[in-house]
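Just so you know, all these numbers are worked out from the coordinates, no wet-lab data involved. Remember, it's a predicted structure, so these values are computed and weren't measured experimentally. Cβ coordinates were reconstructed from backbone atoms using ideal geometry, including for glycine residues, and neighbour counts include every protein chain displayed.
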Amino acid sequence: MKVGEIQFPVLVFDGECPLCRWWVNRWRHLTCGSVRYVPFQDLGQRGFLGVAPEAFAKAVHYIESPRQISTGAEAAFRLLNGVGGWRRTPLWLYRRVPGVAPFCEAMYRHVSRHRPALDRVRRAIVGDRTTVLLRCRCGDGEG
């Protein structure tokens, strides 16, 4: 994929991870087409915008422009910030409250290392529904 072929923002994620796909489906519902979601596996072995495939495998990357790339918890918070409303609060806390950013990134790494087990827990609690606890923003009647 070439930079000229993509409309920003884009979230690059692990398309082989069931937990990642579940979260992407939730976020897709919230962002209503304003964000493009791309599995890193679709980017090929060369990576994208100087980011190696190994880095994409470890954490989501939210790419707002070729010069604005965030990863991990910050990437999730920046994506949610674009939704607006109370969903701007996590990024505000991340940026302004001492200790929040390192804590969130540590939790993100912990979740990332334990994705299969956490996905089993998620399925046991909510099943495969992606719109649980979401209010529809797209007018498609779901949520």
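Structure values in brief
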read-out: Candidates Val51, Val12, Val35: whichever shows maximal mean-square fluctuation once the chain is modelled as a Gaussian network with Cα springs under 10 Å; value: Val51
read-out: Highest-fluctuation residue, Arg26, Arg67, Arg88 considered, GNM on the chain with Cα pairs under 10 Å; value: Arg67
read-out: Stretch in the chain that is longest and holds no GluC sites (Glu not before Pro) that DSSP places in a loop and that have at most 12 other beta carbons within 10 Å; value: 17-141
read-out: In Hz, Karplus ³J(HN,Hα) per residue of region 46-62 (6.51, -1.76, 1.60; θ = phi - 60°; x = Gly, Pro); value: 8, x, 7, 6, x, 9, 6, x, 4, 5, 5, 5, 8, 7, 5, 10, 9
read-out: Region 77-127, Cα convex hull volume normalised per residue, Å³; value: 98
read-out: Around Val126: net Lys/Arg minus Asp/Glu count, Cβ-Cβ under 13 Å; value: +3
read-out: For the chain: rounded, prolate or oblate by the Cα gyration tensor [a/c cutoff 1.5]; value: rounded
